[in-house]
1. Give the residue from ALA277, PHE79, SER261 lying farthest towards the positive end of the charge dipole for the chain; charges sit on Cβ (+1 for Lys and Arg, -1 for Asp and Glu) and the dipole is referred to the Cα centre.
2. Kindly flag which residue pairs out of LYS64/LYS243; LYS130/LYS253; LYS51/LYS95 have an alpha-carbon separation exceeding 26 Å in this structure.
3. Output the relative contact order of the chain, whole-number percent, from Cα pairs under 8 angstrom with separation of 6+ residues.
4. Would you pull out the residues with amide H under 5 Å of SER118's amide H, same chain only if 5 or more places away, H placed 1.01 Å from N?
5. Per DSSP helix of 4 or more residues, -39500 (n - 2.57); summed, then divided by the residues of the chain. What does that give at 222 nm, rounded to the nearest 500?
6. Assuming R0 = 35 Å, can you tell me the calculated FRET efficiency for the pair THR290 and LYS200, based on Cβ-Cβ distance, to the nearest 0.05?
7. Among ARG284, ARG106, which comes first, then next, by fewest other beta-carbon atoms within 10 Å?
8. Express as a percent, rounded to the nearest 5, the fraction of DSSP beta bridges in the chain (both residues included) that run antiparallel.
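Any read-out appearing in this document is the output of simple, stated calculations on the displayed coordinates, not a laboratory observation. What you see is a predicted model; the values in this text were computed from it and never measured. Here the Cβ positions follow ideal geometry from the backbone for every residue, glycine too, while neighbour counts run over all protein chains shown.
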Amino acid sequence: SGADSSTGAGDAPAPEDLIVGFSQVGAESGWRAANTKDIQAAFEDAGIELKFSDAQQKQENQIKAIRSYIQQGVDVIAFSPVVESGWDTVLKEAKDADIPVVLTDRSVDSADTSLYVSFLGSDFVEEGKKAGNWATEEFADADAVKIIQLEGTTGSAPAIDRAEGFADVIGSDPKFEIVASQTGDFTRSGGKQVTEALLKSNPDVDLIYAHNDDMGLGAIEAIEAAGLKPGVDIKILTIDAVKDGMQALADGKINFIVECSPLLGKQLVDIVNKVVAGEEVETRIVTEETTFTQEEAIAALPDRQY
Ligand code: AHR
């Protein structure tokens, strides 16, 4: 409960004696760039060495990085898993080597939860529900609502959970129809390409629900290229609230954003300090987040750091 992890643990190692290995998903989005920057800055501030590797959205690269951290004998391994499944073997190797693993941002679906000490990140199902709640209110008076869903990376926790949370809410009203749903891999170019193609077969779509801002920003380009007005002819609903997304919301091109915070660095350092001091850590730490309307984006933009 807010207790300083540096107190009371006489045998806690000094920060300069620690090495943490971090395997990042990639550099697919503005969110990811902000997340990387925040984590690197937090470890730098704490005086703890952070070995960093970028997996370029490939699970095999992450497995290689984790194995290399095990071989180097780092004190703690942290990683944000690109997809949910397929981690048991490598996590077991870390456990056998007595190296604690912390999950950040995304989780794994391993049945054996003793394979990691903590999971720090957002509740993605809740984010999807918030998106669904906005759609329900926004289209309260409509008789039929055709939706294109731009999914995140196939098999990733945020893509699975944001689709599920959204469907949970809109599924109770048959007027909502997801007419097409395809992955844009959480990238701007992916969002643009998929929207371009899907608009041809679904020109009368009412809403684009994008699993992140970057894909929504790509959708804006595709809609404009088709001679339509994003935010007016076709409404856009996204998740993240990075600066570029917030600017598009302020400009009326995006209609609503559900926040997903990339600022996990300080909390990750706290967890690492506790783990190496032998203190207990919470097994699940949920990030606090809000939502933004156009007015709220205009008010928040001047102070937005990322
Ligand atoms: O895992 C978090 C998601 O990954 C963010 O919403 C998205 O922008 C990023 O690529």
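1. PHE79
2. Values: LYS64/LYS243 33 Å; LYS130/LYS253 19 Å; LYS51/LYS95 19 Å.
With Cα atoms farther than 26 Å apart: LYS64/LYS243.
3. Details: 628 pairs, mean separation 56.9, N = 306.
Reported relative contact order: 19 percent.
4. Excluding prolines and chain starts, which carry no amide H, the hits are LEU103.
5. Working: 10 runs with 123 residues, N = 306.
Dividing the helical sum by the residues of the chain leaves -12500 deg cm²/dmol.
6. Working: r = 36 Å, r/R0 = 1.02.
So the FRET efficiency works out to roughly 0.45.
7. Numbers: ARG284 12, ARG106 22.
If I rank by nearby Cβ atoms, fewest first, I get ARG284, ARG106.
8. Details: 2 of 40 bridges.
Roughly 5 percent of the beta bridges in the chain run antiparallel, per DSSP.
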